[in-house]
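The values are calculated or read from the model by the stated rules, or taken from the named source; none is laboratory data. Being a predicted model, the structure only gives us computed values, none of them experimental. Cβ placement follows ideal geometry from the backbone for every residue including glycine, while neighbour counts extend to all protein chains displayed.
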Amino acid sequence: MLVVQATRFGGPDVLVAHQVPGPVAGSGEVLIEVAAIDTLVIETRIRAGKARDWFPVTPPYVPGGAVTGTVVVVGDGVDPGLRGRRVAAYVDGSYAEQVVAPAAELVDVPDALDLRESAALSHDGPTALALAELAGLKPDQRVVVVGGTGGAAILLVQLAHAAGARVLASARGQAKLDLVRRLGADEAVDTGAADWPSLRADVVFDGVGGAIGTAAVAAVAAGGTFLGFGAATDGGFATVPGSGELTSYGIADVRFGPARQRELLARAFAAAVEGSIVPVVGQSFPLAHAARAHTAIERRAVVGKTLLLP
């Protein structure tokens, strides 16, 4: 089968496709024929060797952490009825045509949901739902989403709109500004030109970080909430000054144990079936061209979710 390995730390060119023997489902496991593979910005940082303090991987390694697909083989002790089931799974080394996962840790993909859409929700769905809960979204609040066309940010725009909030989303370029308006933003502003200090928001979701995210802290009204979940630039996460005037949450507040992650993902799938959230798959690449996907992500030439397709 085909897998993509990061052969060393470096640029996207270190991602190389290889043919290797397929995995074998052991006791309590299933073999999944992969339909779509989620990608994350952090995977580009790990590949570049910029995240070794948090992700101590050693090349060569297979990147990735989540897939959707179909169960094709069940191991000993597994219900044979799982064969043919459409599922999502969190697995290390998901840049592959097939993966093995514990049968007890699968999340069923509803029949009404496309496998690519479900892959787009695998990380961003739980993150967005948890952030929305922390924010306590209410009708008539003023909500700002910084970097509104990122995978999780797109869902937050929709969730805030559905809660009855007045939503301002920032993005770069006319196409992205038009997209956030279609998703439910009442206002759309260019991220680089936004006059953050002039705003007074009840809630600010920051998916960009760095200097832009730090500047957006000024948009939070006294008693409001700032949720910094993104670091799309090398500037890291936004810096929030110690102050009793606002409540702040960071990326550590949306890191979950496996059971909580699966529970949130099932909820995200249900919300997508209901139509209350709609994931946006902006671009997809063949698995063998994972390097192109990483290049596009690093150049910020992507909208919404980027998928790899075996």
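Among the candidates Ile42, Ile46, Ile32, Ile37, the residue that is part of a strand (DSSP E or B) and either within 19 Å of the chain's Cα centre (by Cα) or modelled with pLDDT under 95 (or both) is uniquely Ile37.
Is it true that Ala301 is under 30 Å from Thr7 (Cα atoms), crowded, with 19+ Cβ neighbours inside 10 Å, out of contact with any strand residue (DSSP E or B) (no Cβ under 8 Å at 6 or more places or on another chain) and at pLDDT below 95? Criteria not met by Ala301.
Examine the stretch 227-240 for a residue that is in a strand (DSSP E or B) and charged (D, E, K, R), and state whether such a residue exists. The answer is no; no qualifying residue exists. Among residues of the stretch 25-53 that are closer than 19 Å to Gly125 by Cβ, those with a Cβ under 6 angstrom from a residue that is surrounded by fewer than 24 Cβ atoms within 10 Å (Cβ to Cβ) and charged (D, E, K, R), sequence gap 6+ or separate chain, pair up as Val34/Glu97; Ala36/Arg116. Each residue in the stretch 290-310 was checked for being farther than 20 Å from Val109 by Cα and touching a residue at least 40 places away in the same chain (Cβ under 8 Å), and 11 of them qualify. Of the residues contained in the stretch 159-169, one or more are found to be on the phi > 0 side of the Ramachandran plot and surrounded by fewer than 24 Cβ atoms within 10 Å (Cβ to Cβ). The residues of the stretch 138-169 that are modelled with pLDDT under 95 and in a strand (DSSP E or B) amount to a single one, Gly150. Whether a residue is among the hydrophobic types (A, V, I, L, M, F, W, C) and crowded, with 17+ Cβ neighbours inside 10 Å was assessed, and Ala104 does not pass this test.
For every residue, the table says whether it meets (1) surrounded by 16 or more Cβ atoms within 10 Å (Cβ to Cβ); (2) assigned to a strand (DSSP E or B); (3) in contact with a Leu (Cβ under 7 Å, 6 or more places away or on another chain).
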position: Gly244; (1), (2), (3): no, no, no
position: Ala252; (1), (2), (3): no, no, no
position: Phe269; (1), (2), (3): yes, no, yes
position: Ile277; (1), (2), (3): yes, no, yes
position: His294; (1), (2), (3): yes, no, yes
position: Leu308; (1), (2), (3): yes, yes, yes
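Of all residues in the stretch 249-269, those satisfying the criterion of being closer than 22 Å to Thr149 by Cα and in contact (Cβ under 8 Å) with a residue 12 or more places away in the chain are Tyr249, Gly250, Ile251, Asp253, Val254, Leu264, Leu265, Arg267, Ala268, Phe269.
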